[in-house]
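Q: Could you have a look at this structure, given as C-alpha cells, before my questions?
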Amino acid sequence: MKWSLKIARLAGIDVFVHWTFLILLGWIIWSNLQSGQTLAESLMGVWFILALFACVVLHEFGHALMARRFGVGTKHITLLPIGGVASIEKIPEKPAEELWVALAGPAVNVLIAALIALGFWVSGKEGNWLELSQPIQGNNFLTGMLLVNITLVLFNMIPAFPMDGGRVLRALLAMKMGRAPATEWAARIGQLLAIAFVFLGALYNFWLIFIGLFIYLGASAEANYEATQSMLSGYRVRDVLMHQFTILHASNSIDYVVKLLLDGQEKEFLVEEDQQIAGSITRDDLIKGLQQFGKKEPLSHILNRQLLRLDLDMPLSDAYRKMTETNNKICPVYRGSDLVGVLNQENVMETIMVENALRDSARKV
C-alpha cells in the first residue's frame, strides 16, 4: 500500500502500518517528556499504545476471519493513528452473514477484556481504577488495557455507519425489509446520532463534534454506496457493453494519442502489445506523460499494466466495485477468450443516472 509499511503476514493476510502511526508514537514520547515524565515512563506509554493497537489488529482479524468463513477474502489490514481498517473484498449480502462478520470484531475485544478480568480474579487482585488518572505504569497497565477493550466494544457498537454497530443494525433490519431499505434506515439513524454527538460536543466535549462528523460522513457514504449497488443490481456487463472503441499500440507516441483524444469523444483507450491487450491509458496518464517525458515518448513507458479483465455475464455491480477498487477507468470485456467490447466507469455512471431517473419517474406515477 502507498505510504504504508508491511509489518506482518498473519493467516494469509498482510498487515500494514501507515507512516503517520510513527508520528503518533513520536508525539506521545515528546509530550510525555514535556510533562516531566522520565524516558522510562514515556516508553511505557508507547508500549501501552502498541498494546492498544495490537487489540485493534485482533479486532480487525475477527472481522476478516469470520468473513473468510463465508467465502469473502480480506486484502489487507492497515494500522492508522485513528484505528485499524480491514479491507474486506465485499460485505456479505446475506443479512445473517453480515451480522456475524460485524459482531466478530467486538467479540474479540470482549474476549480480551474477559481474559484480563479473569486474570485479576484468579490472582485475587483488583484493577487499579483510581490510578488510571496517573501515567501508565506496570501497576495499572492491565487495568488500562481492560478499560480500553471495554471502550472499543462500546464505541464500535454505536448503531451508526461506519462502526460495527451500524452494520449490525443494517443486518437486523435487512432480515425484515431487504438490504437497500435497511441501509437507508440505518444511515438515517446514524445521521441522527451524529447530529446528537455534534450538539453534545458543542455543550460538553469538543471531541464529540469530530466523532459526530465522522459518523455523519460514514453514514452518508454507506448510503450512497448501497444506493449505487442497488441501482446496478439488475444489470450485467453485457447490458452496458461498448462495442465501438479504439485499440492503440504500445509503440504509438503520446503525441499521436493526444490528437485522437482531441479529435474524438474517447478519454480512455486499451493498448495492445505483442498481439494482446497489455494495459490501458487514460487522459490523465497522457497529461502526466507529456509533463514527464514529452510528446514523442511511446505509450509503453506510461502504460497502466494493472489490467482488469471482465466477463460478459459478470454482474455489473461486481464489475463496478472492482473497477473502483483497482482504479481502472476502462476494462476489456471477454466472452471466453474473445474480446467482445469494453466497459468504462463513465458508462456505468450514465447507467446509474438513467436508472435513477426511471425510479424517480415511477415514484411520481
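Every number here is computed from the coordinates shown, using simple stated rules; none is lab data. What you are looking at is a predicted structure, and each value in this text was computed from that prediction instead of being measured. Every residue, glycine among them, receives a Cβ derived from its backbone with ideal geometry; neighbour counts consider all protein chains shown.
Q: Roughly what % antiparallel, to the nearest 5, for the DSSP beta bridges in the range 237-360? Working shown, then result.
A: Values: 15 of 20 bridges.
Given both bridge residues lie in the range 237-360, the antiparallel proportion sits at roughly 75 percent.
Q: Once fully extended, how much extra length lies between Gln306 and Ser123, figured as 0.36 nm per residue of separation less the alpha-carbon to alpha-carbon distance?
A: On the way: separation 183, 0.36 × 183 = 65.88 nm, distance 5.61 nm.
Taking 0.36 nm per residue and subtracting the Cα distance, the gain is 60.3 nm.
Q: Output the direction-averaged projected area (hull surface divided by four) of the convex hull of the alpha-carbon atoms of the chain, in nm². List each step's numbers first, then the result.
A: Values: hull surface 100.6 nm².
Value for the chain: 25.2 nm².
Q: Going by how many other Cβ atoms sit within 10 Å of their own, how do Glu325, Glu268 line up, fewest first? It would help to have the intermediate numbers written out before the result.
A: Working: Glu325 13, Glu268 22.
The most exposed by this proxy come first: Glu325, Glu268.
Q: To continue, here is another question. Once the Cβ-Cβ distance between Lys90 and Asp284 is put in as r, and R0 is 30 Å, what FRET efficiency do you end up with, to the nearest 0.05? Don't jump to the answer; show the numbers that get you there.
A: Details: r = 27 Å, r/R0 = 0.90.
Step by step, r from the Cβ atoms, then E = 0.65.
Q: I've got another one for you. Any idea what the dipole of the chain comes to, in debye rounded to 20, about its Cα centre with Lys/Arg Cβ at +1 and Asp/Glu Cβ at -1?
A: Values: 31 positive and 33 negative charges, 74 e Å.
In total the dipole reaches around 360 debye.
Q: Using a 7 Å offset from the Cα along the Cα-to-Cβ direction at both Trp27 and Asn347, what is the distance between the two label points in nm, to one decimal?
A: Calculated label separation equals 4.6 nm.
Q: Just want the answer: with Cβ charges of +1 for Lys and Arg and -1 for Asp and Glu, which residue in Trp27, Gln291, Gln276 is farthest toward the dipole's positive end in the chain?
A: Trp27
Q: Can you list the residues, at least 5 places off or on another chain, whose amide H is less than 5 Å from the amide H of Leu339, using H built in the peptide plane?
A: Here nothing satisfies the definition.
Q: Oh, and also: First measure r as the distance between the Cβ atoms of Val110 and Asp263, then evaluate 1/(1 + (r/R0)^6) with R0 = 56 Å and state the FRET efficiency to the nearest 0.05.
A: Working: r = 63 Å, r/R0 = 1.12.
Approximately 0.35, to the nearest 0.05.
Q: Going by alpha carbons, how many degrees (0 to 90, nearest 10) lie between the helix axis of 179-203 and the longest principal axis of the chain?
A: Long axis of 179-203 versus the principal axis of the chain: about 50 degrees.
Q: What does the helix-only formula give at 222 nm for the chain: each DSSP H stretch with n ≥ 4 adding -39500 (n - 2.57), the total divided by the residues, and the result rounded to the nearest 500 deg cm²/dmol? Display every interim value, and only then the final one.
A: Values: 11 runs with 208 residues, N = 365.
The helix-only estimate for the chain comes to -19500 deg cm²/dmol at 222 nm.
Q: Among Lys6/Lys288; Lys75/Lys329; Lys6/Lys322; Lys296/Lys322; Lys259/Lys322; Lys267/Lys295, which pairs are too far apart, with a Cα-Cα distance over 25 Å?
A: Working: Lys6/Lys288 29 Å; Lys75/Lys329 21 Å; Lys6/Lys322 23 Å; Lys296/Lys322 33 Å; Lys259/Lys322 30 Å; Lys267/Lys295 17 Å.
Where the Cα-Cα span goes over 25 Å, the pairs concerned are Lys6/Lys288; Lys296/Lys322; Lys259/Lys322.
Q: Mean projection of the alpha-carbon convex hull of the range 237-360 over all orientations, in nm²?
A: On the way: hull surface 32.7 nm².
In nm², the orientation-averaged hull projection of the range 237-360 is 8.2.
Q: Here is a further query. Only bridges with both residues in the chain count here: give the DSSP antiparallel percent, nearest 5. Display every interim value, and only then the final one.
A: Values: 27 of 36 bridges.
Looking only at bridges with both residues in the chain, the antiparallel portion is about 75 percent.
Q: Any idea what angle helix 345-364 forms with the longest principal axis of the chain, computed on alpha-carbon atoms, 0 to 90 degrees, nearest 10?
A: Relative to the chain, helix 345-364 is tipped by roughly 80 degrees.
Q: Let me know the charge dipole size of the range 163-233 about its Cα centre in debye, to the nearest 20, where only the beta-carbon of Lys, Arg (+1) and Asp, Glu (-1) is charged.
A: Working: 5 positive and 4 negative charges, 32 e Å.
So the dipole magnitude of the range 163-233 works out to roughly 160 debye.
Q: Can you tell me the 0 to 90 degree angle between the C-alpha axis of helix 164-177 and the longest principal axis of the chain, rounded to 10?
A: Helix 164-177 and the main axis of the chain meet at about 60 degrees.
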